[in-house]
Amino acid sequence: MAAPIVIVMALSQFPGYDARSEFFAGTYRNIVEAGDEYLVSLFLFLVVAAILTALAFALWRSELRDASSYLWVVVGGLALSAAGFAVTALSGLPVWWWARQVNDGSLSVLEAADRSTGLASFSQTTLLTISFGGMLIGLSALGVIAVVQRWIPLLVFWGTVGLAVAAVIFALFADGPALWVGFGLLPMLWSFVFGLYLLIRGEFAP
């Protein structure tokens with residue numbers, strides 16, 4: 001349950017910028033204006049990486065591994081996601097540092113933007129693909145396994161899928177980022193729902 005909460009907190013502090021090289025300079029000011037909020041978001045991404053690493057390790061060492069031979073897909077997806085969040089955070093640190101130098105006047109906006117283009121693009125792309133993609137793979141597999149093994153009620157699984165599909169449809173009609181809504185919302189919903197169910201039930205059991 002902690003992972004989606006921390007992710008939402010991190011994204012609320014993460015500056016919005018266009019990572020494409022031809023548009024980056026025009027949106028770089030958002031990074032500068034974010035200031036230390038950007039650093040906070042990067043730190044929170046490291047916290048998420050630690051949470052997902054612990055979860056992947058705990059699942060791999062748990063008795064659930066004997067219940068399903070496909071649990072390695074869950075563990076692999078979560079480990080990939082953890083690596084993605086860590087890389088997102090670490091590659092963003094130099095970008096934050098150069099933006100900080102702009103604020104204290106030791107570096108010009110154009111020079112800092114030029115230095116930051118590659119790493120900022122890499123950081124954002126890693127976040128959107130590897131971080132959320134790994135969570136999508138791992139938690140989607142966990143959802144299927146949990147239903148097949150009857151660890152959770154079928155209604156809980158389909159209810160979560162229904163919410164995610166509805167959000168993607170809404171994003172499509174609202175001209176929103178439907179792909180990223182699907183990549184990000186579904187695994188975070190599953191993480192929260194599974195965590196809440198486990199908290200109430202105490203264990204995954206038929």
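The values are calculated or read from the model by the stated rules, or taken from the named source; none is laboratory data. These numbers come from a predicted model, not from an experiment. No Cβ is skipped: glycine too gets one built from the backbone with ideal geometry, and neighbour counts run over all protein chains shown.
Points to keep in mind about this one:
- Applying the set (1) of a type in the set (A, V, I, L, M, F, W, C); (2) surrounded by fewer than 20 Cβ atoms within 10 Å (Cβ to Cβ); (3) over 30 Å from VAL147 (Cα atoms) to ALA113 leaves exactly one unmet item: (2).
- All helices (runs of 4 or more DSSP H) inside segment 1-115 with 3 or more residues being under 30 Å from TYR197 (Cβ atoms) and not aliphatic (A, V, I, L, M): 2-13, 36-61, 71-103
- Number of the condition not met by PRO15 [criteria: (1) over 27 Å from THR117 (Cα atoms); (2) buried (at least 16 other Cβ atoms within 10 Å of the Cβ)]: (1)
- Selected residue [at pLDDT 85 or above, in contact with a Gly (Cβ under 9 Å, 6 or more places away or on another chain) and of a type outside the set (A, V, I, L, M, F, W, C)] from SER140, SER131: SER131
- Failed condition for ARG150, given (1) touching a Pro at 6+ places or on another chain (Cβ under 8 Å); (2) part of a helix (DSSP H, G or I); (3) surrounded by fewer than 20 Cβ atoms within 10 Å (Cβ to Cβ): (2)
- In the set (1) surrounded by fewer than 18 Cβ atoms within 10 Å (Cβ to Cβ); (2) over 19 Å from SER131 (Cα atoms), the condition left unmet by VAL32 is number (1).
- Which numbered condition PHE24 fails, given (1) over 24 Å from ASP114 (Cα atoms); (2) surrounded by 15 or more Cβ atoms within 10 Å (Cβ to Cβ): (1)
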